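The structure appears right after this line, and notes come after that.
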Amino acid sequence: MTEKLTILHLNDWHSHFETYPKLKRFFQNYADQDAEVIKIDVGDNIDRWHPMTDATQGKYNVQLMNELGIDFATIGNNEGIGLAKTMLNQVYENANFDVILGNLEDEAGRPTWANPYKIYETALGTKIVFLAYTFPYYLTYHPGGWQVLDPIMCLKRDLEIPEVKSADFHILLSHLGLPLDEKITAEVPEIDLIIGAHTHHVFEDGACLNGTYLAAAGKYGQFAGEINLIFEHHELSDITIHAHETSHMPSKPSDKEWIETVEVNGRKLLSQEVVKSFDHELSLDESCQIVMTAMKEYANADIAMINSGLVVTPFSKNITKDTLQHSLPHQMRLARLEVTTDELTTICQDVFSQAELLANQQIRGMGFRGKEFGRVLTSTPNA
């Protein structure tokens, strides 16, 4: 009673549509093999830096996930925080796959689009449970109307559910990052396999830590993951893990046209909505002051402070959602602080003491989609 199961997995794609044609062919190559095939996405598929994702509020990504034949997916912070709550509650409406997520709630409980776990039963009756959790940015989720829970606490709780506990094999879809994955291998021995994400790590030939197997496929579709499991009488007898580098996969002439068309169509959609018009083209400083004015008005604040690198290109005379997306492609949140005059003085002294060092500093991560930090700016008194 030997059976083979293949899991294909992606993570942290971040709307890098340029790798999609290769990924689609890679997934399709497994359609006719003897093994049962499960296709997985481990979150941060959606990223609004790309115009098509921004224009469709992530729904185009879900359409492509459907085309890939994804069976199970979870969310990362780019879905959970990068999409407003109303967007996230709608983005999976047409999904042909199950979203699994065990540590996100609102005042009504678990969102209707999320399953706490899913049990997959093979043709020969082996029961495999999939659980999934996303990284708990506690302070960032809360303003968006969500409560994100401790993932390890939730994992231990869910493993006590009778049908989860009795499953033959336990797989964790982890958008938690490698340090937490390593902690889970030490604290939660019931997990047999972790398919990881969030920290963009890659295991080209898998890994094993504390008896738990680890797989991960990097970022941006640069790798596509393959896991082959062999079961004998419902028990794992063999496993192979490999991450295939997509740069080594052949391209087709039609790939470039498809990639360019997606971007053009996304920009067309964004261009249809005019945000504001001015009587002249704006300088970088003028654009930054407009941003800070908006920040002050939105937060009912007295002062605003930004780094000029946030405005990647100065605003055009006629601002559409497309030109705005060019200028401000970031997934970032406004922070509002109430401070005393003395505290403000201390903050400014600290920030401006680092200003020269930071001005030309290349910045990556934390939602920043620009190039360098730029100058530290404060709002003008009448702005």
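In segment 79-115, the qualifying residues are those that are among the small types (G, A, S) and crowded, with 16+ Cβ neighbours inside 10 Å, and the one that is farthest from G58 (Cα to Cα) is G102.
Across segment 256-278, not a single residue is classified as in a loop (DSSP other than H, G, I, E, B) and within 28 Å of L23 (Cβ to Cβ). If you scan segment 331-383, which residues turn out to be among the acidic types (D, E) and closer than 17 Å to G309 by Cβ? Residues satisfying the conditions are E356, E372.
The rows are residues; the columns are (1) farther than 30 Å from A31 by Cα; (2) at pLDDT below 95; (3) touching a Phe, Trp or Tyr at 6+ places or on another chain (Cβ under 6 Å).
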| residue | (1), (2), (3) |
| --- | --- |
| F72 | no, no, yes |
| N96 | no, no, no |
| N103 | yes, no, yes |
| I119 | no, no, no |
| Y137 | yes, no, no |
| I152 | yes, no, no |
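Look at segment 90-106: where a residue is assigned by TED's automatic domain parsing to the domain that holds N45 and touching a residue at least 12 places away in the same chain (Cβ under 8 Å) and a partner is of a type in the set (S, T, Y) and part of a loop (DSSP other than H, G, I, E, B), sitting 6+ places away or on another chain with Cβ atoms under 7 Å, you get V99/T74; V99/Y92; I100/T74; L101/T74. When we screen D150, D168 for residues that are crowded, with 17+ Cβ neighbours inside 10 Å, touching a residue at least 24 places away in the same chain (Cβ under 8 Å), of a type in the set (D, E, K, R) and assigned by TED's automatic domain parsing to the domain that holds E36, the only hit is D168. D238 - would you say it is of a type outside the set (K, R), at negative phi and in the same structural domain as L10 (by TED's automatic domain parsing)? Yes: the conditions hold for D238. Among the residues of segment 306-331, the ones that are farther than 19 Å from S379 by Cα and either out of contact with any strand residue (DSSP E or B) (no Cβ under 7 Å at 6 or more places or on another chain) or not in a helix (DSSP H, G or I) (or both) come to 12 in all. Under the condition of being β-branched (V, I, T) and in contact with a Pro (Cβ under 6 Å, 6 or more places away or on another chain), the residues counted in segment 133-186 number 1.
Of the residues screened, D205 is not one that is among the acidic types (D, E), part of a strand (DSSP E or B) and out of contact with any Ser or Thr (no Cβ under 7 Å at 6 or more places or on another chain).
Of the residues L131, L124, the single one that is touching a residue at least 40 places away in the same chain (Cβ under 8 Å), surrounded by 19 or more Cβ atoms within 10 Å (Cβ to Cβ) and under 26 Å from H234 (Cβ atoms) is L131.
One residue alone among S247, S287 is in a helix (DSSP H, G or I), crowded, with 17+ Cβ neighbours inside 10 Å and among the small types (G, A, S), and that residue is S287. Note on segment 4-15: among residues that are surrounded by 19 or more Cβ atoms within 10 Å (Cβ to Cβ) and out of contact with any helix residue (DSSP H, G or I) (no Cβ under 9 Å at 6 or more places or on another chain), the one that is nearest to T199 (Cα to Cα) is N11. Filtered by the rule that a residue be touching a Lys or Arg at 6+ places or on another chain (Cβ under 8 Å) and either surrounded by fewer than 12 Cβ atoms within 10 Å (Cβ to Cβ) or assigned by TED's automatic domain parsing to the domain that holds H142 (or both), segment 304-363 gives a lone residue, Q362.
The values are calculated or read from the model by the stated rules, or taken from the named source; none is laboratory data. Everything quoted here is computed from the prediction, not taken from an experiment. Virtual Cβ from ideal backbone geometry, glycine too; neighbours counted across all protein chains shown.
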